[in-house]
Amino acid sequence: MRFLTEKYAIPIPAPPQMNNHGNYILSLSQLCKWLGERAEELGVEVYPGFAASEVLYNADGSVKGVATNDVGIGRNGKPKESFERGMEFHARVTLLGEGCHGSLTKKVMKKFDLRRDCQPQTYGIGIKEVWEVQPEKFHKGEVTHTMGYPLPRDTYGGSFMYHFGDNMVSVGLTVGLDYPNPWLSPYNEFQKLKQHPLFRSVLEGGQCIAYAGRALIEGGFQSIPKCAFPGGALIGDSAGFMNVPKVKGTHTSMLSGMLAAKATYSALSGNSSDGTIFLYEYEDALRSSTIWSELKEVRNMRPSFSTPLGVYGGIMYSGLEAYILRGRVPWTLKHHSTDSAATKPASVCKKIEYPKPDGEVTFDILTSVSRTGTNHEEDQPVHLQVADWEKHTADAWPKWQGVENRFCPAGVYEYIEDKDKPHGVRFQINAQK
């Protein structure tokens with residue numbers, strides 16, 4: 001564990017919750033592929049590449065299942081020769097494991113008011129590259145976590161560097177999305193991070209072979225919603241089971257799926273009627289599981305960084321919690337508002353100028369996106385929709401001066417200079433990179 005200044009990496013005690021001895025460093029996508037194959041061997045039907053696009057309901061309002069999206073639709077909204085109608089999947093129990101901020105999960109939460117007794121959820125963004133480094137710089141199994149530079153004192157986040165496989169290094173930065181300065185760019189903060197001697201000394205002379213970004217769910221214990229609803233339940237990151245100090249949620253996601261499966265089997269075995277299934281047993285099992293105790297123990301660490309003391313206060317309090325208090329306190333720190341409410345107007349914040357990439361260790365965003373391995377049909381419909389383009393620009397540009405340009409690590413959102421528009425800019429979505 002290191003605390004970074006611009007030039008130095010100061011060793012600091014690592015919280016016991018971050019102990020990785022005995023763990024494995026592996027590709028989660030490869031693990032999921034392997035698990036999928038094992039499931040198919042047991043008779044489970046897996047449908048990779050099909051996105052669920054709609055929640056289906058019974059007449060009594062309970063969840064009936066999901067429908068997948070139509071495929072083979074052109075950009076003009078009309079079917080192409082490859083058109084295939086989406087499928088409906090009906091089930092007595094539907095478990096939603098969409099990950100962070102899933103679209104169907106949001107609809108179910110709203111319909112059944114699942115967030116009525118919890119605090120607002122807070123999110124982060126994680127940006128990662130995979131490098132093939134020179135053999136003499138590789139230390140298999142080495143794990144490094146940092147806090148501090150390059151992020152400002154009022155911004156929560158940290159970095160990681162994992163050595164795995166054969167001369168492979170995974171390096172990344174996470175940034176809490178409750179950062180106040182709209183001029184901050186998580187992508188460019190990541191590029192600054194790699195210029196730090198701790199990282200550059202490892203990456204220099206190597207080759208970046210992959211790039212990715214993803215949303216993180218960071219609210220923790222006090223932001224967990226009601227997880228069971230009529231006809232189904234939330235599992236994994238859909239419910240918010242990530243352990244923020246560990247920067248891990250795979251283990252809790254898997255366990256929640258196992259608990260939900262057991263509760264589903266029990267409910268179906270004891271109910272021969274066609275009535276609605278309620279997974280009360282799942283809610284009870286969660287509260288008796290290590291998911292609950294693990295997240296409760298660290299519940300005050302993430303919100304401690306949102307106090308007026310900022311990063312330094314958060315580090316000191318988190319150290320106290322990690323080593324002494326261990327969550328055994330009568331108070332629970334709050335997430336007082338949504339991440340978007342924390343964003344200040346651009347006019348009251350200092351503009352941040354980022355250095356140009358060198359093309360060796362740091363890169364422009366289009367070069368990075370080319371390493372994601374994603375590909376889309378040229379004329380497929382844009383899945384990101386804006387209800388009123390002109391209104392969005394009128395509301396957002398004067399206040400935040402194009403924050404969308406900066407918070408997206410893939411350059412999807414962009415303001416283009418357009419003298420014919422009222423604010424001199426036009427907002428657009430770059431759906432195909």
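The values are calculated or read from the model by the stated rules, or taken from the named source; none is laboratory data. These numbers come from a predicted model, not from an experiment. In this analysis, Cβ positions are derived from the backbone assuming ideal geometry, glycine residues included, and neighbour counts consider all displayed protein chains.
On the stretch given as the range 337-360, residues that are in a loop (DSSP other than H, G, I, E, B), without any contact (Cβ under 8 Å) to a residue 60 or more places away in the chain and closer than 21 Å to Ile125 by Cα total 1. The criterion of at least 3 residues that are under 21 Å from Pro225 (Cβ atoms) and in contact with a Gly (Cβ under 6 Å, 6 or more places away or on another chain) is met, among helices (runs of 4 or more DSSP H) falling completely within the range 242-311, by 290-297. Within the range 346-372, being acidic (Asp, Glu) and either within 16 Å of Pro150 (Cβ to Cβ) or in contact with a Gly (Cβ under 8 Å, 6 or more places away or on another chain) (or both) holds for Glu353, Asp358.
For Gly327, the requirement of being in the same structural domain as Gly157 (by TED's automatic domain parsing), at positive phi, surrounded by 17 or more Cβ atoms within 10 Å (Cβ to Cβ) and touching a residue at least 12 places away in the same chain (Cβ under 8 Å) is met.
Kindly establish whether Gly424 is under 25 Å from the mean Cα position of the chain (by Cα) and not assigned by TED's automatic domain parsing to the domain that holds Gly74.
Answer is no for this residue.
For the range 151-171, a residue qualifies if it is out of contact with any Pro (no Cβ under 7 Å at 6 or more places or on another chain) and closer than 22 Å to Pro303 by Cα, and the qualifying residues are Leu151, Pro152, Arg153, Thr155, Tyr156, Gly157, Gly158, Ser159, Phe160.
Output the residue which, of all residues in the range 372-389 that are among the charged types (D, E, K, R) and in contact (Cβ under 8 Å) with a residue 24 or more places away in the chain, is surrounded by the fewest Cβ atoms within 10 Å (Cβ to Cβ).
Glu378
Inspect the range 127-142 for any residue being crowded, with 16+ Cβ neighbours inside 10 Å, touching a residue at least 60 places away in the same chain (Cβ under 8 Å), in contact with an Asp or Glu (Cβ under 8 Å, 6 or more places away or on another chain) and under 23 Å from Gly220 (Cβ atoms) and give the result as yes or no. For the range 127-142, residues crowded, with 16+ Cβ neighbours inside 10 Å, touching a residue at least 60 places away in the same chain (Cβ under 8 Å), in contact with an Asp or Glu (Cβ under 8 Å, 6 or more places away or on another chain) and under 23 Å from Gly220 (Cβ atoms): absent. Residues in the range 421-433 that are free of Cβ contacts under 8 Å to residues at least 24 places away in the same chain and either among the aromatic types (Phe, Trp, Tyr) or within 26 Å of Arg75 (Cα to Cα) (or both): Gln428, Asn430. The set of residues in the range 52-69 being in contact with a Pro (Cβ under 8 Å, 6 or more places away or on another chain) and surrounded by 18 or more Cβ atoms within 10 Å (Cβ to Cβ) consists of Ser62, Val63. Does at least one position in the range 364-378 carry a residue that is closer than 24 Å to His196 by Cβ, more than 21 Å from the chain's Cα centre (by Cα) and assigned to a loop (DSSP other than H, G, I, E, B)? The answer is yes, given that some residue of the range 364-378 is closer than 24 Å to His196 by Cβ, more than 21 Å from the chain's Cα centre (by Cα) and assigned to a loop (DSSP other than H, G, I, E, B). So, Ser340, is that one among the hydroxyl-bearing types (Ser, Thr, Tyr), out of contact with any strand residue (DSSP E or B) (no Cβ under 8 Å at 6 or more places or on another chain) and closer than 28 Å to Phe190 by Cα or not? Taking the combined requirement at face value, the residue satisfies it.
Consider Ile12 carefully, then state whether it is within 22 Å of the chain's Cα centre (by Cα), at pLDDT below 95 and not acidic (Asp, Glu).
No; evaluated as a whole, the condition is false for this residue.
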